[in-house]
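Step one of this worksheet: look at the structure below.
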Amino acid sequence: MNKRTVELGAPSLTGKDANDLVAEVFADAKYPLKVVVKNHMPRDVVFPEVDGLFLRHVGNQKDSQMTVEIASADLFQRLASSVEQVAELNGYELALTVVEVAVASQASAPAGDGSDDARKPSDGLTFEQLKDALKAAGIAAPVGAKKADLAALLDTAGAEAGNA
């Protein structure tokens, strides 16, 4: 069973409208809809459209992802719109990933099972966003470091935090 997934970000960078993506991917979804939401931004975020949706910055592997229920299609559209606005204002090509929780396999597949949809904390971030995420995680970026170096540092820090 394929899980429905949508990646939300700044439409000026992705060329895709968040509301159109949600409407297309989750057109026949039944609500309330259980989803896993992953924050890819180098900042903590709260979206009141979904009860209890508070996500830590991308550098915090454990708390940057959460399983929640979206009550209705209207609230999902409002969430997509809010995410799109934050992403656009801050220049985030990838802000949030929303993945439907497959009810049938929910008990047999633990979170973070190493499947294809696992993403690295650095995925989709710009050089400046990587520096911000490292700073938020309390890690100093080495002087003269390249984007790949910063990404590796953030990914390593996230993996170590997840194993702690």
Neighbours by Cβ (under 8 Å, 6+ apart or cross-chain): first from the range 116-128, on the phi < 0 side of the Ramachandran plot and among the basic types (Lys, Arg); second assigned to a loop (DSSP other than H, G, I, E, B) and modelled with pLDDT of 75 or more: ARG119/HIS40
Some residue of the range 55-62 being under 12 Å from the mean Cα position of the chain (by Cα) and either of a type in the set (Val, Ile, Thr) or not assigned by TED's automatic domain parsing to the domain that holds GLU93 (or both): yes
Breaking point among (1) at pLDDT below 80; (2) touching a strand residue (DSSP E or B) at 6+ places or on another chain (Cβ under 9 Å), for VAL98: (1)
Close pairs (8 angstrom Cβ cut-off, 6 or more residues apart or separate chains): among the small types (Gly, Ala, Ser) in the range 26-54, part of a loop (DSSP other than H, G, I, E, B) anywhere: ALA29/ARG4
Residue that is in a loop (DSSP other than H, G, I, E, B), at pLDDT 80 or above and not assigned by TED's automatic domain parsing to the domain that holds LEU21, where the choices are ALA145, ALA133, ALA118: ALA145
Candidate set: the range 80-107, residues that are over 15 Å from ARG4 (Cβ atoms) and of a type in the set (A, V, I, L, M); chosen: the one farthest from the chain's Cα centre (by Cα): ALA107
LYS38 over 18 Å from GLN85 (Cβ atoms) and at pLDDT below 95: no
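The values are calculated or read from the model by the stated rules, or taken from the named source; none is laboratory data. Bear in mind that the values here come from a model prediction, so they are computed numbers and not experimental data. When we count neighbours, we look across all protein chains shown, and the Cβ atoms used for this are built from the backbone with ideal geometry, even at glycine.
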